[in-house]
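First up is the structure itself, then whatever we jot down about it.
The values are calculated or read from the model by the stated rules, or taken from the named source; none is laboratory data. Note that the coordinates shown come from a computational prediction; the quantities given were computed from them, not determined experimentally. Cβ: placed from backbone, ideal geometry, glycine included. Neighbour counts: every protein chain shown. Keep in mind that these areas ignore ligands, DNA and RNA; they rest on the heavy atoms of the full protein, side chains included. Shrake-Rupley method; radii C 1.70, N 1.55, O 1.52, S 1.80 Å.
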Amino acid sequence: MAIEILIASDHGGIRLKSTLISHLTANGMTATDLGPKADSTSVDYPDYAAKLARLIRSNDVMGILICGSGIGMSIAVNRYEWVRAALVHDETSARLCREHNNANVIVLGERLIGELTAISCVDVFLDTVFAGGRHQRRVEKLSNPSGLLTP
Ligand code: RB5
């Protein structure tokens, strides 16, 4: 089943967004650009996090979010309970957030990560599957507080 990829940023992530779209396109994938446009000046990251979060409702959709540090985007998008977003700085965290946490959104900080590392992180994120097993129960507890030991 083909995965749909959505991508958005704020002004602090516009350049990396366009680099990643080009990279994915060159590798036969399509990433739907939710904005902002390349010539945008200042925008607010919660607006773009919300735009992407609202479209992430199925298992077959993965998201990429970028801001200057990645921090604002990750705080904003993790407010949506169906989102499991991971702010990633290296390939190992890109792999682990899929294997252990079934992350459906990768977040990158354009001002803090090198372009080649960012590209590798996205490739690893998209290529890695959730390991399930003991991680399944833990991931389920993220969206079902009734299963928590201390409700
Ligand atoms: C924008 O200047 C910057 O604050 C934003 O991109 C992000 O880093 C926020 O967390």
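Things to note:
- Residues that are away from the ligand (no atom under 16 Å from the Cβ) and either open to solvent by 40 Å² or more (accessible area, probe 1.4 Å) or of a type in the set (Asp, Glu) (or both) within segment 85-101 comprise ASP90, GLU91, THR92, ARG95, LEU96, GLU99, HIS100, ASN101, listed in sequence order.
- The residues of segment 1-11 that are in a strand (DSSP E or B) and either within 15 Å of the ligand (Cβ to nearest atom) or closer than 13 Å to GLU110 by Cβ (or both), listed by number, are ILE7, ALA8, SER9.
- Residues of segment 12-51 that turn out to be assigned to a helix (DSSP H, G or I) and touching a Phe, Trp or Tyr at 6+ places or on another chain (Cβ under 9 Å), as a count: 4
- Members of segment 103-151 that are of a type in the set (Gly, Ala, Ser) and either closer than 17 Å to LEU65 by Cα or at pLDDT 95 or above (or both): ALA103, GLY109, GLY114, ALA118, SER120, ALA131, GLY132, GLY133
- Taken over segment 99-151, the criterion of being farther than 18 Å from ILE5 by Cβ, in contact with a His (Cβ under 6 Å, 6 or more places away or on another chain) and part of a helix (DSSP H, G or I) is satisfied by HIS135 alone.
- Top-ranked residue in segment 55-84 [being assigned to a strand (DSSP E or B) and away from the ligand (no atom under 13 Å from the Cβ); ranked as surrounded by the most Cβ atoms within 10 Å (Cβ to Cβ)]: ILE64
- Test: residue in segment 68-83 that is over 18 Å from GLY12 (Cβ atoms) and small (Gly, Ala, Ser): no
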